[in-house]
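Data block below; observations after.
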Amino acid sequence: MLIKQPADIHPSEITPPELYARRREFLKTAAVFGAAALLPPIMRGTVAQAADDDLKLTPYKDITAYNNFYEFGSSKSDPAENAGSLKTKPWFVAVEGHCEKPGRYTLEDFLAPHPSEERIYRLRCVEAWSMVVPWLGVPLSTILPRFQPTASAKYVEFTTLLDPAQMPGQRTRLLDWPYVEGLRMDEAMNPLTLLATGLYGKELPNQNGAPLRLVVPWKYGFKSIKSIVKIRFTETQPKTTWAISGPGEYGFYANVNPAVDHPRWSQKKERRVGDLFRRETLPFNGYAEQVAGLYTGMDLKTFF
Amino acid sequence: MTPQQPRLISRLGKPLVFIASLLPLVWLCWLIRQGQLGANPVETLSHHSGDWSLRFLLLTLAVTPLRRLTGWNRLQQFRRMLGLFTFFYVCLHFGVYLIFDQFFDLRAIIEDVAQRPYITVGFAGWLLLIPLAVTSTHTMIKRLGRNWQRLHRLVYVIGALGVLHYLWLVKADLTEPLVYAGVLAVLLGYRLWWWTRSARIARSIR
């Protein structure tokens, strides 16, 4: 059995988070100014500013203190306060359904062959706020083929841990526990889709979905299911938690779309955490170039 | 009790209630100064001002039942001030929306009011409070005569609108809005009971 040894030194131990964050900024600024040098002088400032602002990292403190994770309470501050009761070691991930190699794996085995990489993504919540998060993780598209999904595998279903002893929110009936999310196979295999294990170069804090969570940056945040214990290949579209809770309000697709309002609030604008005013929301959260093709011919108002 | 004491209460009572009613605002300002509004300060401001709007509305509606239950008629003198503080916190709440959520984007505001039921009822509640605030002066009370009370019964509608506004905006956890709804139901239910009882007594006397 191959057991991945954790690296002796975390990147975060070598570089303080503030500096660590700035190395990206440095690269980005360098790239932007490089490109800007080609533009007429009058436009340079605007380009640099726009690019810099759009992917400016949300502070670690905010990413880890402002969370929606109803398993630990319905208020944004609840997860940071209550998630200490979650035990993430040892952790097992069950792989089931239409595949040749189902099984129950330790998290280490599940992730073993794949090096993790950093991805800086915008995160847009259906409640019209957003963040920019430097995730650490493995693209789902490199993991799934290992289990050899069969031709019947049309969807992937993900399930969060069910344990009211560790997750006090599950003692209430706020949602239909355990939390379930799902993706169409081609969405799951899109190179943007990430299984995250860390942020800011450190292990995921419990309130952010430790030890393993999904990150689908072009969809509303509730699709990015946390603390995953089960991955199942299915032939039919999974019944997902928020879609069960409010079928008219939360769809299976849940692509970020300023043109399709949530029935109770507008999705045209969002407030980036740290900003006072709202900014325009981008179609597919700014990832249209990479993912719009997945939905050609689909009416996104019907499949919201 | 010396004869001066009641007068002292009535003289000090209003300033004390006034200062106490400003405490939520002072507290908010302090949080802003300390940078303690959390990751989404505007949302915190919006929630706090909304919470205090509802609390003051319920406090205002509690004055009459409390006066009748305790027989402490002096309570009545605080009702107008509490009502005006309700209006004050609702304006603060609306101001946060107007400035930070929409930045005076009139078209977006009209769209919100027309399409989103929770905003429709919240906005209606604020609009209905305006005539009540305007007619709260002694002169207006005198001028309106019996109509003043008829007009000010609108506050029952406003209470319902305020609670609905909160109920319709939460995603899944209805606990807090239901607490407000429960308190409102008790306060309005008490009035209903009082009116039917007074009507019965009036009939039996006749």
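Quick rundown of the values:
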quantity: Sum of side-chain charges, A:Ile244 neighbourhood, beta-carbon under 15 Å (Lys, Arg +1; Asp, Glu -1); calculated: 0
quantity: Using θ = phi - 60° and Karplus 6.51 cos²θ - 1.76 cosθ + 1.60, couplings along the range A:108-121 (whole Hz; Gly, Pro as x); calculated: 4, 5, 4, 9, 2, x, 10, x, 8, 9, 9, 10, 9, 10
quantity: Net charge of neighbours whose Cβ lies under 13 Å from the Cβ of B:Val179, counting Lys and Arg as +1 and Asp and Glu as -1; calculated: -2
quantity: The range A:68-123: GluC sites (Glu not before Pro) in DSSP coil with no more than 16 other Cβ atoms inside 10 Å; calculated: A:Glu100
quantity: Computed over the range A:61-295: relative contact order in percent, which uses C-alpha pairs under 8 Å that are six or more apart; calculated: 22
quantity: Computed P(r) (all Cα pairs; the range B:4-205; 10 Å bins; percent); calculated: 8, 29, 35, 20, 7, 1, 0
quantity: Local electrostatic count, A:Glu96, Cβ distance below 10 Å [Lys/Arg +1, Asp/Glu -1]; calculated: +2
quantity: In the range B:66-96, the chymotrypsin sites (Phe, Trp or Tyr not before Pro) that fall in loop regions by DSSP, at most 16 other Cβ within 10 Å; calculated: B:Trp72
quantity: Simple label model, 7 Å out from Cα along Cβ direction - B:Ile110 to B:Leu154, nm; calculated: 2.3
quantity: Percentage relative contact order, chain B, counting C-alpha pairs under 8 Å, at least six apart; calculated: 19
quantity: Principal axis box of the range A:257-300, alpha-carbon based, largest edge first, Å; calculated: 37, 24, 11
quantity: Global form of the range A:102-242, assessed from the alpha-carbon gyration tensor, a/c cut-off 1.5; calculated: rounded
quantity: Pairs from A:Lys61/A:Lys154; A:Lys154/A:Lys202; A:Lys61/A:Lys89 whose Cα-Cα separation, in the structure shown, is over 29 Å; calculated: A:Lys61/A:Lys154; A:Lys154/A:Lys202
quantity: Overall Cα dimensions of the range A:127-190 - principal axes, largest extent first, Å; calculated: 38, 31, 21
quantity: Size descriptor, Kirkwood hydrodynamic radius, that averages inverse alpha-carbon separations across the protein assembly as shown, Å; calculated: 26.3
quantity: Loop-resident sites, the range A:210-293, for GluC sites (Glu not before Pro), counting at most 13 other Cβ within 10 Å (DSSP); calculated: A:Glu235
quantity: B:Trp194 versus A:Asp186: modelled label distance in nm, points set 7 Å from Cα along the beta carbon direction; calculated: 6.6
quantity: For the range A:61-295: rounded, prolate or oblate by the Cα gyration tensor [a/c cutoff 1.5]; calculated: rounded
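Throughout, read-outs are computed from the coordinates displayed, never taken from laboratory work. Source: prediction; values computed, not measured. No Cβ is skipped: glycine too gets one built from the backbone with ideal geometry, and neighbour counts run over all protein chains shown.
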